[in-house]
Amino acid sequence: QSSSSRQLFLSSFDNFCLFGPPDPFNNIWSSGLNVVSWCAKDGHGTRLIPDGTLQGVTYVKTKDYLQVSGFGDLTKINWAPGDVGGQFDSSKNTPAGASAKAGDQDASAWVMIMSSTAFCFRACTGDPRFCPADYDQMGCWFLTGNSVGPEGTWQNCESDSGDPPGVINGKTYSQVSRCTVSPLAVAHLAERPQHPRSVRFTFERLSAWP
């Protein structure tokens, strides 16, 4: 558990990586992008997410992106208890040397939002507009279109792509000012959107893992 790799992998509900500090315990906003990869499966040359960390994972595959989201005790990968969250991505908040593989191909863009209790990670394989870096205060419910998934359930899903985050009825909306947004909106997932984007999906529930 001493790897300094910052490679991310995403291919299923039980084969994905998240960022966490190399040492306990740091807040995401103050980490200075000093993170390493923690992966659910061995063989990537990264640190392993400890047993008991994850408490529900939903994996979604579309033609434009792969996505994993869920809940857990992310203090086990060194995030500070009570951390309300922040974002890493491929264009604005990028740890040095970070890269992402979506299945067997390099991701065209990626975005990861985390707190000490929840996470979402999307890696784009098609249109990079589905992995925007400009909504870093909006949280996982916004990024996933209200499809973070239930706690206590592990599931693989296939879906259509829906609309890119921030696009409603063909119009692209900007994030509101930092001065008017509570930090709890980032990744705490305290409130779900009233009108999430429409995304159709089918799923295979895998409640026996881990």
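Every number here is computed from the coordinates shown, using simple stated rules; none is lab data. What you see is a predicted model, and the numbers here were worked out from it, not measured in a lab. Cβ atoms come from the backbone with ideal geometry, glycine included; neighbour counts cover every protein chain shown.
Quick notes on this structure:
- For the listed peptides 112-119, 4-11, a ranking on the average number of other beta carbons within 10 Å per residue, highest first, reads 112-119, 4-11.
- Cα-projected label distance for LEU33 with ASP134, points at 7 Å along beta-carbon direction, nm: 2.0
- Most to least packed among 74-86, 98-110 [average Cβ atoms within 10 Å]: 74-86, 98-110
- Only Lys, Arg (+1) and Asp, Glu (-1) charged, at Cβ; region 1-147 dipole about Cα centre in debye: 140
- Amide proton proximity set for SER161, modelled H, under 5 Å, gap of 5+: LYS63
- Computed from backbone phi, the HN-Hα couplings of region 78-84 come to 6, 6, 5, x, x, 5, 7 Hz, rounded to whole numbers (Karplus: 6.51 cos²θ - 1.76 cosθ + 1.60, θ = phi - 60°; Gly and Pro given as x).
- Centre-to-centre, using Cα atoms only, region 1-52 and region 115-156 are separated by 17 Å.
- Karplus 3J(HN,Hα) series, Hz, for region 12-28 with 6.51 cos²θ - 1.76 cosθ + 1.60 (x for Gly, Pro): 6, 5, 10, 9, 7, 10, 10, 8, x, x, x, 9, x, 10, 10, 7, 4
- For region 109-114, putting each phi into the Karplus relation 6.51 cos²θ - 1.76 cosθ + 1.60 with θ = phi - 60° gives couplings of 6, 8, 8, 9, 10, 9 Hz, in residue order, rounded to whole numbers and with x for Gly and Pro.
- For region 1-48, the square roots a ≥ b ≥ c of the C-alpha gyration tensor eigenvalues yield an a/c of 1.5 or more together with a/b exceeding b/c, which makes the shape prolate.
- Centroid-to-centroid separation of region 88-111 and region 62-85 [C-alpha atoms, Å]: 15
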